[in-house]
Amino acid sequence: MVYRFAVKPYRLPLRSPLRTAHGVWSVREGLIIRLEAETGAVSYGEVAPLPQFGTETLAESLERCLGFSDKTDDAAMDAVPTRFGCVRFALAMARSPLPTVDKAKRLAVTALLPAGKAALEVLAGKLEQGFLSFKWKVGVNRPEEELGVLDDLLGRLPDYCRLRLDANGAWDRRAAEKWLARCAERPIEFIEQPAATDDVDTLLGLAEDYPVMLALDESVVGLAAAREWQERGWRGVFVIKPALAGPLDELAAWAKTSKADIVLSSAIETALGREAILRFALAQDLTKRALGFGVGEMFGDRLWDGPIIGPLLDAGYCDAVEGDPLWNALN
């Protein structure tokens, strides 16, 4: 099929800077693509790269998109190399038919807690909203300070709730062992990316030596990397950010074939990309774990954030997001 192709960049300040082991993140940049089919039907896709996670850069994404002429076809878009996972996600998103969603289906959502002591204040509000699963960013402050906050968090967390820790690869072997020893026999669902992506021996060794469930995130940005870790014998969780991994149908095929224990997680994409991922999650049966999409109102603008996501996700979110207003808001 032949399409009219157009692309626009976006640059959105975050309402509150996000502190992680990668540093302070205050602006989200990406691209919105628009396809118009010969029938006149218009569809959109979002390119939301995170080069600090190992994806293509925004400049590379834009160059690849500008390589398409005003009119392009399926063959040209299918020829985009796999290393451009974010571009491939957007192209597939724009060309894929909307999956059928069970209106009665509900999926649990994990609430994101800020780094440091601020997590304690935010936790209280999230508990009132009904969240049962929480994710806390660690590896940002001194370990002694964070371990103290961990004790306080667990002390305030009801027995029926679970906590995920995300180190974003900040720990060396010694620091990771200290945390894992502290977390043993405590209500920690898993610890995400406890060591750097290239420290394969440490990640495998920690998984073997401690009873705490571990998860990979930055190590498995693309499906090729996830397959490599499966070949190494990884028995932990795979945290997959679909907006970075490539076409959603490829993710579904891998998850169903491999039977991997996965969590679908946000890459702080806009409501446009988020809607496609959440509709996909509602239409598939790929994970029993809570979705990592309780990131709150990251942009402070309903146009770009979409509806508020609470402790349970249903089809109402997807039905409320449209591409035309986002496209028209860009220069």
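Quick notes
Rundown of residues vs (1) crowded, with 19+ Cβ neighbours inside 10 Å; (2) small (Gly, Ala, Ser), yes/no style:
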site: Pro49; (1), (2): yes, no
site: Glu60; (1), (2): no, no
site: Ala79; (1), (2): no, yes
site: Cys86; (1), (2): yes, no
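- Top-ranked residue in segment 108-117 [being within 22 Å of the chain's Cα centre (by Cα) and surrounded by fewer than 18 Cβ atoms within 10 Å (Cβ to Cβ); ranked as nearest to Pro143 (Cα to Cα)]: Gly116
- Within segment 154-190, being among the hydrophobic types (A, V, I, L, M, F, W, C) and touching a residue at least 40 places away in the same chain (Cβ under 8 Å) holds for Ala167, Ala170, Trp179, Phe190.
Quick grid of which residues meet (1) at negative phi; (2) part of a helix (DSSP H, G or I):
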position	(1), (2)
Gln230	yes, yes
Gly233	no, no
Ala260	yes, no
Leu264	yes, no
Lys288	yes, no
Gly300	no, no
Pro325	yes, yes
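- Set Leu303, Leu272: member being buried (at least 18 other Cβ atoms within 10 Å of the Cβ) and over 21 Å from Thr197 (Cα atoms): Leu272
- Of the residues in segment 54-75, at least one is in contact with an Asp or Glu (Cβ under 9 Å, 6 or more places away or on another chain), within 30 Å of Pro143 (Cβ to Cβ) and either not polar (S, T, N, Q) or not in a loop (DSSP other than H, G, I, E, B) (or both).
- Residue check, Ser16 among the polar types (S, T, N, Q), modelled with pLDDT under 95 and under 29 Å from Ala195 (Cβ atoms): yes
The values are calculated or read from the model by the stated rules, or taken from the named source; none is laboratory data. Treat the numbers as computed from the prediction; the structure is a model and nothing was measured. Cβ: placed from backbone, ideal geometry, glycine included. Neighbour counts: every protein chain shown.
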